[in-house]
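Colleague: One structure coming up, written as structure tokens, with questions to follow.
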Amino acid sequence: MRWYTSYTLLPHPHVIEATDRGKCISLFVLMSKVSAVLKLKMRKGVWWLDNDYDESESGAILPAHASCYGVGLRTSASHQQMHALSNPLMLPRQQLPKLSKYNASLLIQETLIAQHHDEIAALIESVPNPQHKRLKRTA
């Protein structure tokens, strides 16, 4: 699996899946100290803790792009991706460095969750200990 590395805003490895131009987001956070993966969701600006899983289940629950190795890593970013990046970075598209589709997607997704950092951090902190108490799974 290809986890996005931790950075100062989100100090845990994670994978983001965004749909509907970022209006719907699923955020998978690896809590390696307790061998768990938290799944947070956002719809219409509201975040909630959807579920938690054992780390061994991550291959089955992570989106397909988390196992992306190969062509997506080498193919150039599309015009639409570069345009989507230029807005939040406030740079003309022509001034952006050349990026692969995968890296452009990663940057776009990171900018989507950056604006929700405080709420995401609070949700992660609110989970008592996923290793000992699993969340109630909904069908």
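Colleague: What single numbered condition from (1) touching a residue at least 12 places away in the same chain (Cβ under 8 Å); (2) part of a helix (DSSP H, G or I); (3) not hydroxyl-bearing (Ser, Thr, Tyr) fails to hold for Met42?
Modeller: (2)
Colleague: Tally up the residues in the range 17-43 that are among the β-branched types (Val, Ile, Thr), under 18 Å from Ile108 (Cβ atoms) and at pLDDT below 90, please.
Modeller: Looking only at that region, the number is 1.
Colleague: Could you please let me know if Lys44 is of a type outside the set (S, T, N, Q) and touching a Gly at 6+ places or on another chain (Cβ under 8 Å)?
Modeller: Against the criterion (of a type outside the set (S, T, N, Q) and touching a Gly at 6+ places or on another chain (Cβ under 8 Å)), Lys44 does not qualify.
Colleague: Spot the failing condition for Glu110; the list is (1) of a type in the set (D, E, K, R); (2) modelled with pLDDT of 90 or more; (3) within 22 Å of His65 (Cβ to Cβ), and only one is missed.
Modeller: Glu110 satisfies all of (1) of a type in the set (D, E, K, R); (2) modelled with pLDDT of 90 or more; (3) within 22 Å of His65 (Cβ to Cβ) except (2).
Colleague: Would you pick out the residues in the range 18-30 that are surrounded by fewer than 19 Cβ atoms within 10 Å (Cβ to Cβ) and within 18 Å of Glu55 (Cβ to Cβ)?
Modeller: Ser26
Colleague: With (1) under 13 Å from Ile124 (Cα atoms); (2) of a type outside the set (Lys, Arg); (3) open to solvent by less than 30 Å² (accessible area, probe 1.4 Å); (4) in contact with a helix residue (DSSP H, G or I) (Cβ under 7 Å, 6 or more places away or on another chain) as the list, and Leu9 as the residue in question, which single condition is left unmet?
Modeller: The one condition Leu9 does not meet is (3).
The values are calculated or read from the model by the stated rules, or taken from the named source; none is laboratory data. Since the structure is predicted, the reported quantities are computational estimates derived from the model, not experimental observations. For neighbour counting, all protein chains shown are included, and Cβ atoms are generated from backbone atoms with ideal geometry for every residue, glycine included. The accessibility values were calculated without ligands, DNA or RNA, using every heavy atom of the protein model including side chains. Shrake-Rupley method; radii C 1.70, N 1.55, O 1.52, S 1.80 Å.
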